[in-house]
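Student: Quick one: the structure is below, and I'll ask about it shortly.
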Amino acid sequence: MKFFKIIFISISLLFATSITSKAYVFDVWTVEGVASYADLAQATVAFKEKAMAGGAKYDNIRASMKVRGDRSNDTGFVIATYENYQDMMETAAVVAQNPDWFASTYGAIEVQGTMITSATYGNSQPLNDNTGGVGNTVGYNIVEVLDGVNFVLNFPKLQKLMAELGAPAAFDYAFCATCGEEIRPGEAVLWAAAATMEDAGKTMDIFASAEVQTWIYRNMRPFLNIVDSGVHTYLTE
């Protein structure tokens, strides 16, 4: 199956609610069956150049590979970020009107046993994810939130605890704006973004400590069901 079929998913993003306030909004396309991560990265760079020149309002669009979690040997991500949902929707419309951008970049990529899914997440905070270069590594949990109030109140405490313990990563979260059946019942994504794989490993060691795990099971696990977990590393700037 050709990767450019993702365009039909892009059009579906127009169902998201439009807001004009500054926020952190991102689309994630999960592509299972990736034959060549190098081709995925090259296509993403080429697509980004064409889309940005054509009026797309991406803050950035990057490719990454899954290195831990289900199907980590053949799963890639394309992650597009925006300043708000309005920019996201306008970009989806521009991309849909220019199918050649996909056909001439991602269209050449062959994937095997393909399943392409997409989701759009957002929050009201500026981006704070410690990423920007090749090798940035992000650990994530997609979660079902059982008690939103306690989750929102406790997550900043987790950020503070990890920072005090010296974790070299930025912790943040976003709620789902449009998520399909493959992602539900997950409705939020939590992540720890590190500059390198080495920093990600240090963060994982701290996160796995008895102090942090005891705190999490007392203060956050009662309000969350983890739907999916993984680690991915960026292939493009």
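The values are calculated or read from the model by the stated rules, or taken from the named source; none is laboratory data. The model shown is predicted, which means the values in this text are computed figures rather than measured ones. When we count neighbours, we look across all protein chains shown, and the Cβ atoms used for this are built from the backbone with ideal geometry, even at glycine. These area figures cover heavy atoms from the full protein model, side chains too; ligands, DNA and RNA do not enter into them. Shrake-Rupley method; radii C 1.70, N 1.55, O 1.52, S 1.80 Å.
Student: Which value, in Å², gives the accessible area per residue of the chain when a 1.4 Å probe is used on the protein heavy atoms? Could the numbers behind the result be given before it?
Tutor: Details: 10970 Å² over 237 residues.
On a per-residue basis, 46 Å².
Student: Which aspartates and glutamates, on any chain, are close to Lys57 with Cα under 13 Å apart, when same-chain ones fewer than 8 places away are left out?
Tutor: Counting by Cα, and skipping residues close in sequence, Lys57 has these aspartates and glutamates nearby: Asp27, Glu49, Glu83, Asp87, Glu90.
Student: With θ taken as phi - 60° and the coefficients 6.51, -1.76 and 1.60, list the Karplus ³J(HN,Hα) couplings across the stretch 177-187 in order, rounded to whole Hz; mark glycine and proline as x.
Tutor: Working through the residues one at a time gives 9, 9, 9, x, 5, 5, 9, 4, x, x, 9 Hz.
Student: So which aspartates and glutamates can Lys160 reach, going by Cα to Cα under 14 Å and dropping same-chain residues fewer than 8 places off?
Tutor: Straight-line reach from Lys160, under 14 Å: Asp172, Glu211.
Student: Which label belongs to the value computed from this structure, given these candidates for mean projected area of the Cα convex hull in nm²: (i) 18.2; (ii) 12.9; (iii) 11.9?
Tutor: (iii)
Student: So for the stretch 115-194, Kirkwood radius off the Cα pairs, Stokes-Einstein at 20 °C and 1.002 mPa s: how many µm² s⁻¹? Please report the intermediate quantities before stating the final value.
Tutor: On the way: Rh = 13.7 Å.
Calculated translational D: 156 µm²/s.
Student: Ok, one more. Longest span of the chain, sites excluded, free of trypsin sites (Lys or Arg not before Pro) in DSSP loop with at most 15 other C-beta atoms within 10 Å?
Tutor: Maximal segment without exposed cleavage sites: 72-237.
Student: Now a separate question. Restricting to DSSP H runs of at least four residues, report the calculated mean residue ellipticity at 222 nm for the chain, -39500 (n - 2.57) per run over all residues, nearest 500 deg cm²/dmol.
Tutor: Result for the chain, helices only: -10000 deg cm²/dmol.
Student: Here is a further query. Over all distinct alpha-carbon pairs, what is the Kirkwood Rh of the stretch 133-237 in angstrom? Present the calculation step by step, with values, prior to reporting the outcome.
Tutor: Numbers: mean 1/r = 0.0699 Å⁻¹.
For the stretch 133-237, the Kirkwood estimate is 14.3 Å.
Student: When the Karplus curve 6.51 cos²θ - 1.76 cosθ + 1.60 is applied with θ = phi - 60°, which whole-Hz ³J(HN,Hα) does each residue of the stretch 189-195 get, with x for Gly and Pro?
Tutor: For the stretch 189-195, the Karplus curve yields 10, 10, 8, 10, 9, 10, 6 Hz.
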